[in-house]
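Asks: Got a structure for you, written out below as C-alpha cells; questions coming shortly.
The values are calculated or read from the model by the stated rules, or taken from the named source; none is laboratory data. Predicted model only: the values in this text are computed from it and were never measured. Because the Cβ atoms are built from the backbone with ideal geometry, glycine has one as well, and the counts that use them run over all protein chains shown. In case anyone asks, the SASA skips ligands and DNA or RNA and just uses the protein heavy atoms, side chains included. Shrake-Rupley method; radii C 1.70, N 1.55, O 1.52, S 1.80 Å.
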Amino acid sequence: MKKLIGVGIGAALLFAVVGFSFAEISEYTQVVRNRVHNGVKEAIPMSVEIDRLEVLLGKLNQQVASQKYLVAKANISLQDAELEQERQESKSNNLLTEMKHLRGWLDASEYATIKVGCQKVNKDDIGQALRHKLAAWKESTATTEACAEAVSAQKQAVVALNKQFTEWQNQRKLLGHRLEKLKAQAVAQQLKQRTTLPELDQSDLARANELADEIEKEIRIAEAQEALGTDPLDQLLDEELTEDTASLEAEIDAILGKKTLVSSEG
C-alpha cells in the first residue's frame, strides 16, 4: 500500500516536471486514489465487512424512535390543519347565516325600526352591521380557501412520508434478515475451508519426471548413434575375443560335428 502511494506521489511529481496540465495530473491522481482505495478494499476481510454491516444496522435501529417521532408529528400537524380548516369553514358558514338574517331585517326596517333582542335598530344600523359581516365573511372565505389548499398539499406530503416510513421499516427489517443470512453463509464458508484438504504441490514432481524422460531419450539417442556404421561381424568378433578361445573352439567343433553326423545319417 505504501508502495502504491509512493508511486502515485512520484508519478505526480514526474508529470509536473515534464509539463502535464493540471487537469491531466488531477486525472492521474484520481486513478492512483482509486487504485489505493481498491487495494485497501480488497485487503479487508469479509468478516470485518459483516461486522460493519451490523454496525450500520444498529444505527438504523437507533433511528427508529426519531423516525417515528417525525412521522407522528407530521400526522398531528395535519390533524390540526384539518381542524383549523373546519373551524374556518364553520365561521364562514355562521357569517353567511348572519348576513341572511340581516338582509331580511334590512327589508323589514325599510319604513320602521325593529327590535333585535333588547335593542331597537333602524335601517342604517342594520346596513352597517351587514357591511361588517360581509367583510368578515370575505376574509373568512379567503382564509378557508387558503387552509383547504394548505391541507391538501400537507395531506399529500404526509401520505408520502408515511409510505416512505413504511418502506424504510420494511427495508430495515429485511436488512436484519439478510445480515443473519450472511453470517450463516460466512460461518459455513469458514467451516468448508477448514474441512477442505490442501492440494499438494505437484509442480516440482512434474518437472523431475519431465527431466528424467529427457535424459532417457538422450541416452537412447546416444546408443543409437554408436550403433550406426558398425559391421555385425566386427561386433561378433569383439564379443568372441572376450571369451575363452579354447572353450569356444571345442563348443564350435562339437556343434559342427553334430551337424555333420546328422547330415551323413540323412
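Asks: Accessible surface of D80 in the full protein assembly, 1.4 angstrom probe, to the nearest 10 Å²?
Replies: We get 90 Å² for D80.
Asks: Next question. Of the options A135, A153, A186, report the single residue whose Cα projects farthest towards the positive end of the charge dipole of segment 124-194 (beta-carbon charges: Lys, Arg +1; Asp, Glu -1).
Replies: It is A186.
Asks: Here is a follow-up. With 21 Å as the limit, write out which pairs from K100/K133; K163/K183; K91/K123 have Cα-Cα distances beyond it, or answer none.
Replies: Details: K100/K133 10 Å; K163/K183 30 Å; K91/K123 25 Å.
The answer is K163/K183; K91/K123.
Asks: Heavy-atom accessible area of D213 with all protein chains present, probe 1.4 Å, nearest 10 Å²?
Replies: Roughly 100 Å² of D213 is accessible to a 1.4 Å probe.
Asks: Of the accessible area of segment 124-194, with the probe set at 1.4 angstrom, what percent is carbon plus sulfur? Could you put the intermediate results ahead of the total?
Replies: Numbers: 2860 of 5160 Å².
Ligands and nucleic acids excluded, carbon and sulfur give 55 percent.
Asks: Highest first, please rank the peptides 151-158, 60-67 by the mean number of other Cβ atoms sitting within 10 Å of their residues.
Replies: The densest-packed peptide leads the list: 151-158, 60-67.
Asks: At 7 Å along the Cα-to-beta-carbon direction for both A142 and A208, put a label point, then send me their distance in nm to one decimal.
Replies: Calculated label separation equals 10.3 nm.
Asks: With the crude spin-label approximation of a point 7 Å out along Cα→Cβ, what separation in nm comes out for E82 versus A150?
Replies: 1.7
Asks: Largest first and to the nearest Å, give the Cα extent of segment 148-215 along each principal axis.
Replies: 100, 26, 8
Asks: What order do M46, M99 take when sorted by accessible area (1.4 Å probe), most exposed first?
Replies: Working: M46 110, M99 25 Å².
Listed by decreasing accessible area, they come as M46, M99.
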